Amino acid sequence: MKKDLMKVYEIDASRFKGSALDVVHPATIMEVRSVVARAKRIVLRGAGTGLAGGCVPLNGLDVVLDMSKINQIGNFNSERRTVEVEAGVILDDLQSYLAKKNLEFPVNLLNNNVCTIGGMIAMDIAGSRAVKYGKTSNWIKWVDVVDGYGNLHRKGVTELSDYAGMEGITGVIVKACLKLSPLKKRTASLIKVESLEEVVLIVRNLKRNPAVSMIDFLDKKISKGLELTKDYYLIVEYEDGSGLLKGKEYEDLMEMSDKVYSFVVNKGYTRIEDFRIMIDKFVKLMGWLEGVGIPTFGHIGIGILHPCFGRDDEKFIPEMMKLVKRLGGQISGEYGVGILKIKFVEEGDKRILINVKKRTDSLNKFNVGKMI
Amino acid sequence: MGEKDKPTEQDKIEADNLMEEVAEILELCIKCGRCKSLCPVFRVLREETVSPRGKVIILSDKILDKVIFECTLCKGCEQKCPLNVKVCDAILKAREAMVLRGKGLKSNEEMVGNVRKWGNVFGERNVKGDCFGDEFKGGG
């Protein structure tokens, strides 16, 4: 590829800018195997929408392996409710395919119209419906991965943790067999809440209701930005008729929750974090975030919060990470560690990751310089 | 442009000015990649270079490559952009700058020549049908 055009692959949605040795767009799994076998270092790229620099090539040494063209959907099994998809399939395309069969892949996220299945597995995305459906890995039967020698392996559920959520440092996920769920008719409610303590009580109650599939939180700043009153709000989605908003009103509410991202970036909050905490620590963390004036939203149902930092506020991030760790939380709930959060990874976790990396990628070929 | 294939000093200045305007339009972009979802060119070709974000990155670095002609100007990207970046406006200006610098596409030049000479893009003397009206019919 021309050097000038390679610049396009040297960034993602984070602010990191790297440099690539080359860029390749394999169109088949065989081509992936051949590229992997020949290259010394490889960076994997799905939609390139990561916020932690996970697909940014480093020091002009990495070959970028763009998986976008490997995008076949096939082997649909209606009895077992499974479908096989290649890594570059876009989630929305899969959902459109499945909707005709009255099924869906239940993991849903904010940018479902661009994100690829390979990227979702590599990051083990939680998404907005994780309170009911869990993470992406819960919905995978097996994955096909290419190792550093270019060999193809099928990994079942027991070995999945070596690849799901490993941010592409252990191998190339080229194909997966996904479990499916019946297509639901959903309703929702927008609940105004007076205090953070009350948020915790309501969330705890909602989590006992099996029909609840999403509990998202908006703080006062974000609510005001979305033209609601300056209060805390919970967006609650139900998979029965319990929600007050149905049909068009439900669609409108979901559209409004999609606008959160537009609002925060428009206001200059371009660094969005994604820590995960237990619900009983929510009040303490939110108190701290409000104290330093950081707008926050998130999937409170599973404890993932997205505080949004402007350039001037980024000085607060290390302190926030310390607090998250002190309260027993995780520094990243769904965006991954990438390059951005390497410095916040605990030594113990790093040792585990290094062991997995050595075991699965003995040639140290994939996404070097990321996560560990 | 004055003489064919040879940009004058004035053309170069105009092209530079256009590229300044392009950079100004695109400086808001945060490279989130949401623009890709509605881009018909990306959806078919599946290469980041032809995606709106790809073009933004190239143009922000003031690189003029023929890849910017791989856009239908449908504004789907603008509809999805959280910051309302006017990507299509920037691409139009960049195309203009490319032509001024003598880097326009040969096929486009041929089309313009055909329209001027024959009144149609195909370069045929007798184009059947009169959907463009009599005044646009082939002549010569």
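Only one of these is of a type in the set (D, E) and part of a loop (DSSP other than H, G, I, E, B): A:D252, A:D240, A:D216. Name it.
Of the residues listed, the single one that is of a type in the set (D, E) and part of a loop (DSSP other than H, G, I, E, B) is A:D240.
For the subset of the stretch A:16-25 comprising residues that are outside any strand (DSSP E or B), crowded, with 18+ Cβ neighbours inside 10 Å and out of contact with any Ser or Thr (no Cβ under 8 Å at 6 or more places or on another chain), which member is farthest from the other protein chains (Cβ to nearest Cβ)?
A:G18
Six or more apart or on different chains, Cβ under 7 Å: which pairs go from a residue in the stretch B:55-81 that's facing another protein chain (nearest Cβ under 10 Å) to one that's assigned to a loop (DSSP other than H, G, I, E, B) and not basic (K, R)? Could you list them?
Close Cβ pairs (under 7 Å, with a partner that is assigned to a loop (DSSP other than H, G, I, E, B) and not basic (K, R)) amount to B:K55/B:C71; B:V56/B:C29; B:I58/B:D65.
If you take the residues in the stretch A:90-111 that are under 10 Å from the mean Cα position of the chain (by Cα) and of a type in the set (S, T, N, Q), which one is farthest from the other protein chains (Cβ to nearest Cβ)?
Of everything passing the filter in the stretch A:90-111, A:N108 is farthest from the other protein chains (Cβ to nearest Cβ).
From the list A:L218, A:L253, A:L244, pick out the single residue that is surrounded by 14 or more Cβ atoms within 10 Å (Cβ to Cβ), within 28 Å of A:L340 (Cβ to Cβ) and outside the structural domain of A:G50 (by TED's automatic domain parsing).
A:L218
Filtering the stretch A:310-355 down to residues that are of a type in the set (G, A, S) and in a loop (DSSP other than H, G, I, E, B), which residue is modelled with the lowest pLDDT?
A:G333
Select from the stretch A:55-84 the residues that are among the β-branched types (V, I, T) and more than 16 Å from A:E10 (Cα to Cα) and write down the one among them that is nearest to the other protein chains (Cβ to nearest Cβ).
Only one residue fits best here, namely A:I70.
Would you point out which residue out of A:V145, A:V114 is more than 14 Å from chain B (Cβ to nearest Cβ) and surrounded by 21 or more Cβ atoms within 10 Å (Cβ to Cβ)?
A:V145
What do you reckon, is A:R45 modelled with pLDDT of 95 or more, among the basic types (K, R) and surrounded by fewer than 24 Cβ atoms within 10 Å (Cβ to Cβ)?
Here the answer is no, as A:R45 does not meet what is asked.
Could you list all residues from the stretch B:41-50 that are within 7 Å of another protein chain (Cβ to nearest Cβ) and under 16 Å from the mean Cα position of the chain (by Cα)?
Selection gives B:T49 alone.
For the structure I just gave you, tell me whether A:V337 is closer than 20 Å to A:M120 by Cβ and either surrounded by 21 or more Cβ atoms within 10 Å (Cβ to Cβ) or touching a Cys at 6+ places or on another chain (Cβ under 7 Å) (or both).
So A:V337 fits the description; yes.
Please go through the stretch B:80-97 and give me each residue that is under 19 Å from B:K12 (Cβ atoms) and of a type in the set (D, E), ordered by number.
B:E96
With respect to A:E31, determine if the residue is of a type outside the set (F, W, Y) and free of Cβ contacts under 8 Å to residues at least 12 places away in the same chain.
yes
Counting only residues that are of a type in the set (A, V, I, L, M, F, W, C), in a helix (DSSP H, G or I) and within 14 Å of chain A (Cβ to nearest Cβ), which one in the stretch B:12-40 is nearest to B:L100 (Cα to Cα)?
B:L26
Answer yes or no as to whether A:E79 is among the charged types (D, E, K, R) and over 23 Å from A:G150 (Cβ atoms).
yes
For the stretch A:257-282, give me each residue that is surrounded by 15 or more Cβ atoms within 10 Å (Cβ to Cβ) and more than 14 Å from chain B (Cβ to nearest Cβ).
Of everything in the stretch A:257-282, those that are surrounded by 15 or more Cβ atoms within 10 Å (Cβ to Cβ) and more than 14 Å from chain B (Cβ to nearest Cβ) turn out to be A:E273, A:D274, A:F275, A:R276, A:I277, A:I279, A:K281, A:F282.
When you go through A:A52, A:A37, A:A87, A:A13 one by one, which is the residue that is touching a Gly at 6+ places or on another chain (Cβ under 6 Å) and more than 14 Å from chain B (Cβ to nearest Cβ)?
A:A37
Could you pull out the residue among A:G247, A:G287 that is touching a residue at least 60 places away in the same chain (Cβ under 8 Å) and more than 14 Å from every other protein chain (Cβ to nearest Cβ)?
Sole residue among the options that is touching a residue at least 60 places away in the same chain (Cβ under 8 Å) and more than 14 Å from every other protein chain (Cβ to nearest Cβ): A:G287.
Do you know which residues across the stretch B:58-90 are within 16 Å of B:K103 (Cβ to Cβ) and in a helix (DSSP H, G or I)?
Listed by number, the residues that qualify are B:I58, B:L59, B:K66, B:V67, B:I68, B:F69.
The values are calculated or read from the model by the stated rules, or taken from the named source; none is laboratory data. This one's a predicted model, so the numbers in the text were calculated from it and none came from an experiment. In this analysis, Cβ positions are derived from the backbone assuming ideal geometry, glycine residues included, and neighbour counts consider all displayed protein chains.
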